1. Please figure out what share of the DSSP beta bridges in the chain is antiparallel and state it in percent, rounded to the nearest 5.
2. Compute a Gaussian network model of the chain, connecting alpha carbons closer than 10 Å, and tell me which residue from Met125, Met61, Met72 fluctuates the most.
3. Using Cα pairs closer than 8 Å and at least 6 residues apart in sequence, work out the relative contact order for the chain, in percent.
4. What Kirkwood Rh does the chain have if only Cα atoms enter the pairwise 1/r average? Answer in Å.
5. Compare Ser76, Ser16, Ser58 in a GNM of the chain, Cα atoms joined below 10 Å, and give the one with the largest fluctuation.
6. Please list, by residue number, every one of the chymotrypsin sites (Phe, Trp or Tyr not before Pro) in segment 1-73 that is coil in DSSP and has at most 14 other beta-carbon atoms within 10 Å.
7. So what's the gap between the Cα centers of segment 40-54 and segment 103-138, to the nearest angstrom?
8. If you take every residue apart from Leu38 with its C-beta less than 14 Å away from the C-beta of Leu38, what net charge results, scoring Lys and Arg +1 and Asp and Glu -1?
Amino acid sequence: MPAVLDASGQIVGRFSSAVAKRLLNGEEIVVVNAEKALITGSKAWLMEEFHHRRDRGSQRMGPFYPRRPDRMLHRSIRGMLPNQQPRGRAALKRLRVYVDVPVAYRDQPLERVAGADRVTTARYMTLEQIARRLGGEF
């Protein structure tokens, strides 16, 4: 049975690094509530950063940055894995990221990542807010 982690109110970077370590140790992990994960920083800077990432490269050649919150979190976790190596690729296959909580995991207890909770700053955005401003559909 996979471990079900709740990303709501968790800082994306700290959360992603903890999940990546567990994936490399061989665990199967399901992340729910990806749209409620937080990225710290001012709204203007965050939107400038995400627009810059999406506008880089070409439409055909990439790099391709997602607009959906579950794909954003998945890419963040992928960035902390050696995904070009066989063990990193295998670890990434053990990860599932969902917006909201799927019916299959509603009865299971949700785990939280220690140390990834929101810090006391007013400067943050949720992945849902970023996705909506980028025009993502979910």
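Laboratory data are not the source of any read-out in this text; all were calculated from the coordinates shown. As the structure is a computational prediction, the values presented were derived from the model and not from experiment. Every residue, glycine among them, receives a Cβ derived from its backbone with ideal geometry; neighbour counts consider all protein chains shown.
1. Numbers: 5 of 14 bridges.
Of those bridges, close to 35 percent are antiparallel.
2. Of Met125, Met61, Met72, the Gaussian network model singles out Met61 as fluctuating most.
3. Numbers: 212 pairs, mean separation 57.4, N = 138.
Relative contact order comes out at 42 percent.
4. 15.5 Å
5. Highest fluctuation of the listed residues: Ser58.
6. Numbers: sites: Phe15, Trp45, Phe50, Phe64; in loops: Phe64.
Here the sparse-neighbourhood loop sites are Phe64.
7. Value for the Cα centre distance between the two parts: 17 Å.
8. Numbers: positive: Arg14, Lys36, Lys43, Arg112, Arg118, Arg123; negative: Asp6, Glu35, Asp117, Glu128.
Net charge in that neighbourhood comes out at +2.
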